[in-house]
Amino acid sequence: MAQLRSKQRQRQSDLQPVYDLLDALNPAKLQSSFLSLSHRTRWMIVSGVAVVILLWIVISLMQLGVQTIRANSGPFLLDALRAPYNMEERLITAPGTVINLPVQMGEYALQTDTIQMTPVPVVDPVAYEIVPTTPNFAAVSPVAQCIVNAGANLTNEACGLTNMQYVAGGNYLHTNAQTAQIVASMFASQPDAQEAVRNLFETARHQGMTGNYAIGLGAVDYFFSSTAATYTFTWGHGNWIYTVSSPSFVELETILNNLPF
(Lines give C-alpha, C1' and ligand atoms only; values in the text may rest on other atoms or scores of the structure.)
Protein backbone atom coordinates (compact mmCIF):
# COMPACT_ATOMS: atom_id res chain seq x y z
CA MET A 1 0.00 0.00 0.00
CA ALA A 2 1.54 3.15 -1.12
CA GLN A 3 1.84 5.81 1.48
CA LEU A 4 0.90 9.35 0.53
CA ARG A 5 3.26 11.92 1.73
CA SER A 6 1.73 15.22 2.64
CA LYS A 7 3.68 18.38 2.66
CA GLN A 8 2.67 21.00 5.07
CA ARG A 9 3.11 24.45 3.76
CA GLN A 10 4.40 26.94 6.17
CA ARG A 11 1.88 29.67 6.89
CA GLN A 12 3.10 33.06 5.67
CA SER A 13 3.03 36.08 7.91
CA ASP A 14 0.12 38.48 7.48
CA LEU A 15 2.63 41.29 7.00
CA GLN A 16 4.47 39.52 4.20
CA PRO A 17 2.93 41.78 1.45
CA VAL A 18 4.19 44.80 3.33
CA TYR A 19 7.65 43.30 3.54
CA ASP A 20 7.59 42.51 -0.18
CA LEU A 21 6.55 46.09 -1.01
CA LEU A 22 9.28 47.59 1.16
CA ASP A 23 11.80 45.27 -0.44
CA ALA A 24 10.63 46.29 -3.92
CA LEU A 25 10.94 49.97 -3.00
CA ASN A 26 14.53 49.61 -1.96
CA PRO A 27 16.42 52.40 -3.82
CA ALA A 28 19.10 50.01 -5.01
CA LYS A 29 16.54 47.59 -6.46
CA LEU A 30 14.55 50.42 -8.00
CA GLN A 31 17.65 51.76 -9.70
CA SER A 32 18.61 48.29 -10.90
CA SER A 33 15.10 47.64 -12.24
CA PHE A 34 15.02 51.03 -13.97
CA LEU A 35 18.41 50.50 -15.61
CA SER A 36 17.33 47.08 -16.84
CA LEU A 37 14.65 48.72 -18.95
CA SER A 38 15.32 49.70 -22.53
CA HIS A 39 16.50 53.21 -23.30
CA ARG A 40 13.21 54.09 -25.00
CA THR A 41 11.17 52.94 -22.00
CA ARG A 42 13.33 54.87 -19.57
CA TRP A 43 13.01 58.03 -21.70
CA MET A 44 9.21 57.69 -21.83
CA ILE A 45 8.99 57.25 -18.05
CA VAL A 46 11.19 60.28 -17.39
CA SER A 47 9.25 62.38 -19.91
CA GLY A 48 5.92 61.36 -18.38
CA VAL A 49 7.06 62.25 -14.87
CA ALA A 50 8.40 65.60 -16.11
CA VAL A 51 5.10 66.41 -17.86
CA VAL A 52 3.14 65.59 -14.70
CA ILE A 53 5.38 67.83 -12.58
CA LEU A 54 5.17 70.64 -15.15
CA LEU A 55 1.38 70.41 -15.25
CA TRP A 56 1.24 70.53 -11.46
CA ILE A 57 3.42 73.66 -11.41
CA VAL A 58 1.32 75.37 -14.12
CA ILE A 59 -1.96 74.56 -12.37
CA SER A 60 -0.58 75.75 -9.04
CA LEU A 61 0.56 79.04 -10.59
CA MET A 62 -2.81 79.52 -12.29
CA GLN A 63 -4.64 78.93 -9.03
CA LEU A 64 -2.32 81.37 -7.27
CA GLY A 65 -2.94 83.94 -10.00
CA VAL A 66 -6.71 83.54 -9.76
CA GLN A 67 -6.56 83.94 -5.98
CA THR A 68 -4.40 87.06 -6.33
CA ILE A 69 -6.77 88.61 -8.86
CA ARG A 70 -9.77 87.87 -6.68
CA ALA A 71 -8.00 89.26 -3.64
CA ASN A 72 -7.11 92.49 -5.43
CA SER A 73 -10.26 93.13 -7.41
CA GLY A 74 -13.86 93.76 -6.66
CA PRO A 75 -16.04 96.68 -5.76
CA PHE A 76 -13.46 98.16 -3.42
CA LEU A 77 -11.22 99.00 -6.39
CA LEU A 78 -14.02 101.12 -7.78
CA ASP A 79 -14.33 102.72 -4.37
CA ALA A 80 -10.59 103.45 -4.43
CA LEU A 81 -11.14 105.63 -7.50
CA ARG A 82 -13.71 107.72 -5.69
CA ALA A 83 -12.43 111.01 -4.38
CA PRO A 84 -11.86 111.07 -0.60
CA TYR A 85 -13.75 113.27 1.85
CA ASN A 86 -16.98 112.67 -0.09
CA MET A 87 -15.94 115.26 -2.68
CA GLU A 88 -18.14 113.84 -5.44
CA GLU A 89 -21.28 114.40 -3.39
CA ARG A 90 -20.61 118.09 -2.81
CA LEU A 91 -22.31 120.79 -4.82
CA ILE A 92 -20.43 122.31 -7.73
CA THR A 93 -20.20 126.09 -7.63
CA ALA A 94 -22.09 127.40 -10.63
CA PRO A 95 -19.95 128.82 -13.45
CA GLY A 96 -19.65 132.59 -13.22
CA THR A 97 -20.49 132.60 -9.52
CA VAL A 98 -18.05 134.41 -7.28
CA ILE A 99 -17.18 132.11 -4.40
CA ASN A 100 -17.03 133.41 -0.85
CA LEU A 101 -14.64 131.54 1.40
CA PRO A 102 -16.14 130.46 4.73
CA VAL A 103 -15.53 133.04 7.43
CA GLN A 104 -15.49 130.34 10.12
CA MET A 105 -14.74 126.62 9.91
CA GLY A 106 -15.03 125.06 13.33
CA GLU A 107 -12.27 126.69 15.36
CA TYR A 108 -10.61 128.16 12.27
CA ALA A 109 -11.26 131.83 11.51
CA LEU A 110 -10.59 133.59 8.20
CA GLN A 111 -7.90 136.26 8.51
CA THR A 112 -7.83 139.65 6.85
CA ASP A 113 -5.06 138.80 4.37
CA THR A 114 -7.33 137.32 1.71
CA ILE A 115 -7.50 137.69 -2.04
CA GLN A 116 -10.50 137.91 -4.32
CA MET A 117 -9.62 138.91 -7.83
CA THR A 118 -10.49 138.45 -11.46
CA PRO A 119 -7.35 137.75 -13.50
CA VAL A 120 -7.66 140.69 -15.87
CA PRO A 121 -4.53 142.79 -16.45
CA VAL A 122 -4.53 146.34 -15.16
CA VAL A 123 -3.81 149.13 -17.63
CA ASP A 124 -1.40 151.78 -16.40
CA PRO A 125 -3.14 155.07 -17.31
CA VAL A 126 0.16 156.97 -17.46
CA ALA A 127 2.39 154.64 -19.46
CA TYR A 128 -0.54 153.02 -21.29
CA GLU A 129 0.96 149.65 -20.50
CA ILE A 130 -0.73 146.50 -19.30
CA VAL A 131 0.73 145.50 -15.96
CA PRO A 132 -0.08 142.39 -13.87
CA THR A 133 -1.90 142.66 -10.60
CA THR A 134 0.19 141.86 -7.53
CA PRO A 135 -2.00 140.82 -4.61
CA ASN A 136 -0.47 140.90 -1.15
CA PHE A 137 -0.96 137.19 -0.55
CA ALA A 138 1.81 134.76 0.36
CA ALA A 139 1.04 131.27 -0.95
CA VAL A 140 2.34 128.47 1.27
CA SER A 141 2.51 125.69 -1.33
CA PRO A 142 3.76 125.42 -4.92
CA VAL A 143 0.23 124.61 -6.07
CA ALA A 144 -1.26 127.70 -4.43
CA GLN A 145 1.59 129.83 -5.78
CA CYS A 146 0.84 128.68 -9.34
CA ILE A 147 -2.83 129.57 -8.97
CA VAL A 148 -2.16 132.97 -7.42
CA ASN A 149 0.42 133.81 -10.07
CA ALA A 150 -1.93 132.77 -12.86
CA GLY A 151 -4.66 134.90 -11.33
CA ALA A 152 -2.29 137.85 -11.13
CA ASN A 153 -1.28 137.36 -14.78
CA LEU A 154 2.31 136.54 -13.90
CA THR A 155 2.43 134.37 -16.99
CA ASN A 156 6.09 133.46 -16.62
CA GLU A 157 5.33 131.66 -13.35
CA ALA A 158 1.77 130.52 -13.95
CA CYS A 159 2.69 126.83 -14.42
CA GLY A 160 0.83 126.57 -17.70
CA LEU A 161 -2.60 127.47 -16.27
CA THR A 162 -4.82 129.08 -18.89
CA ASN A 163 -8.34 130.49 -19.16
CA MET A 164 -8.61 131.22 -15.45
CA GLN A 165 -11.45 133.59 -14.68
CA TYR A 166 -11.43 134.07 -10.93
CA VAL A 167 -9.30 133.41 -7.86
CA ALA A 168 -10.12 133.58 -4.16
CA GLY A 169 -7.73 132.77 -1.34
CA GLY A 170 -7.60 133.09 2.39
CA ASN A 171 -5.51 132.27 5.44
CA TYR A 172 -7.12 130.68 8.48
CA LEU A 173 -5.99 130.68 12.08
CA HIS A 174 -6.98 128.07 14.65
CA THR A 175 -7.49 128.90 18.31
CA ASN A 176 -4.45 126.72 19.06
CA ALA A 177 -2.35 128.82 16.63
CA GLN A 178 -2.45 126.22 13.83
CA THR A 179 -2.68 127.79 10.38
CA ALA A 180 -4.23 126.76 7.08
CA GLN A 181 -4.69 128.25 3.63
CA ILE A 182 -7.44 127.82 1.05
CA VAL A 183 -7.25 128.91 -2.59
CA ALA A 184 -10.16 128.48 -5.04
CA SER A 185 -10.00 129.21 -8.76
CA MET A 186 -12.56 129.15 -11.55
CA PHE A 187 -11.73 128.30 -15.16
CA ALA A 188 -13.60 128.93 -18.38
CA SER A 189 -14.62 125.28 -18.74
CA GLN A 190 -14.31 121.89 -17.10
CA PRO A 191 -11.67 120.70 -19.64
CA ASP A 192 -9.61 123.80 -18.78
CA ALA A 193 -9.87 122.93 -15.09
CA GLN A 194 -8.91 119.29 -15.71
CA GLU A 195 -5.86 120.35 -17.69
CA ALA A 196 -4.96 122.78 -14.91
CA VAL A 197 -5.08 119.97 -12.34
CA ARG A 198 -2.63 117.97 -14.46
CA ASN A 199 -0.26 120.94 -14.68
CA LEU A 200 -0.53 121.61 -10.95
CA PHE A 201 0.19 117.94 -10.23
CA GLU A 202 3.37 118.09 -12.32
CA THR A 203 4.42 121.27 -10.52
CA ALA A 204 3.82 119.67 -7.12
CA ARG A 205 5.78 116.60 -8.20
CA HIS A 206 8.82 118.64 -9.25
CA GLN A 207 8.81 121.03 -6.31
CA GLY A 208 7.91 118.60 -3.54
CA MET A 209 6.39 115.18 -3.04
CA THR A 210 3.07 113.81 -4.30
CA GLY A 211 0.92 111.10 -2.77
CA ASN A 212 -2.42 109.51 -3.59
CA TYR A 213 -4.02 110.93 -6.74
CA ALA A 214 -6.62 110.27 -9.43
CA ILE A 215 -6.74 112.48 -12.50
CA GLY A 216 -9.03 111.91 -15.46
CA LEU A 217 -10.76 108.89 -13.90
CA GLY A 218 -13.89 110.30 -12.28
CA ALA A 219 -16.02 113.32 -11.58
CA VAL A 220 -13.37 114.74 -9.25
CA ASP A 221 -9.65 115.01 -10.01
CA TYR A 222 -7.46 115.17 -6.92
CA PHE A 223 -3.97 114.70 -5.55
CA PHE A 224 -2.06 114.99 -2.28
CA SER A 225 1.27 116.82 -2.19
CA SER A 226 3.68 118.05 0.42
CA THR A 227 6.81 120.08 1.01
CA ALA A 228 9.06 120.26 4.05
CA ALA A 229 6.71 122.77 5.64
CA THR A 230 3.17 121.95 4.54
CA TYR A 231 0.68 119.29 3.44
CA THR A 232 -1.64 120.08 0.53
CA PHE A 233 -4.74 118.54 -1.00
CA THR A 234 -5.87 119.79 -4.42
CA TRP A 235 -9.01 118.82 -6.29
CA GLY A 236 -10.98 119.86 -9.34
CA HIS A 237 -14.78 119.65 -9.52
CA GLY A 238 -16.60 121.04 -12.51
CA ASN A 239 -14.73 124.12 -13.74
CA TRP A 240 -13.38 124.89 -10.26
CA ILE A 241 -10.10 123.95 -8.61
CA TYR A 242 -9.56 124.10 -4.86
CA THR A 243 -6.42 123.61 -2.83
CA VAL A 244 -6.03 123.45 0.95
CA SER A 245 -2.70 123.53 2.80
CA SER A 246 -1.72 123.12 6.43
CA PRO A 247 1.44 122.28 8.39
CA SER A 248 -0.53 119.48 10.08
CA PHE A 249 -2.04 116.60 8.11
CA VAL A 250 -4.61 116.03 10.85
CA GLU A 251 -5.71 119.67 10.64
CA LEU A 252 -5.76 119.42 6.85
CA GLU A 253 -8.25 116.56 7.00
CA THR A 254 -10.34 118.42 9.57
CA ILE A 255 -10.71 121.36 7.19
CA LEU A 256 -11.43 119.16 4.17
CA ASN A 257 -14.23 117.41 6.03
CA ASN A 258 -15.86 120.75 6.90
CA LEU A 259 -15.68 122.55 3.57
CA PRO A 260 -18.98 123.04 1.71
CA PHE A 261 -17.43 122.75 -1.79
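The values are calculated or read from the model by the stated rules, or taken from the named source; none is laboratory data. Since this is a predicted model, take the numbers as computed values, not measurements. Virtual Cβ from ideal backbone geometry, glycine too; neighbours counted across all protein chains shown. When the accessible area is computed, the model is the full protein with side chains, heavy atoms only, and any ligands, DNA or RNA have been set aside. Shrake-Rupley method; radii C 1.70, N 1.55, O 1.52, S 1.80 Å.
Some notes on this structure:
- Stretch gain in nm, segment Val58-Lys29, where the contour uses 0.36 nm per residue and the Cα spacing is subtracted: 7.2 nm
- Solvent exposure ordering (accessible area, 1.4 Å, most first) of Glu89, Glu195: Glu89, Glu195
- Amide H to amide H distances under 5 Å link Ser248 with Tyr231, where only residues 5 or more positions off or on other chains count and H is placed in the peptide plane.
- Residue ranking by accessible heavy-atom surface, 1.4 Å probe, largest first, among Met209, Met105 comes out as Met209, Met105.
- Solvent-accessible ranking of Leu37, Leu55, Leu91, largest area first, probe 1.4 Å: Leu91, Leu55, Leu37
- In this simple spin-label model, placing a label point 7 Å from the Cα along the Cα-to-Cβ direction at both Thr68 and Glu202 gives a separation of 3.3 nm.
- Full extension of the chain between Ala188 and Val98 gives 31.1 nm of extra length, using 0.36 nm per residue less the Cα-Cα distance.
- Separation of the Glu89 and Glu253 label points, Cα + 7 Å toward Cβ, nm: 1.7
- Under the Karplus curve 6.51 cos²θ - 1.76 cosθ + 1.60, θ = phi - 60°, whole-Hz ³J(HN,Hα) for the range 100-105, x wherever Gly or Pro sits: 9, 5, x, 6, 9, 10
- Phi angles across the range 209-226 convert, under the Karplus curve 6.51 cos²θ - 1.76 cosθ + 1.60 with θ = phi - 60°, into 3J(HN,Hα) values of 10, 10, x, 4, 7, 8, 10, x, 10, x, 6, 10, 9, 8, 7, 9, 8, 7 Hz, Gly and Pro given as x.
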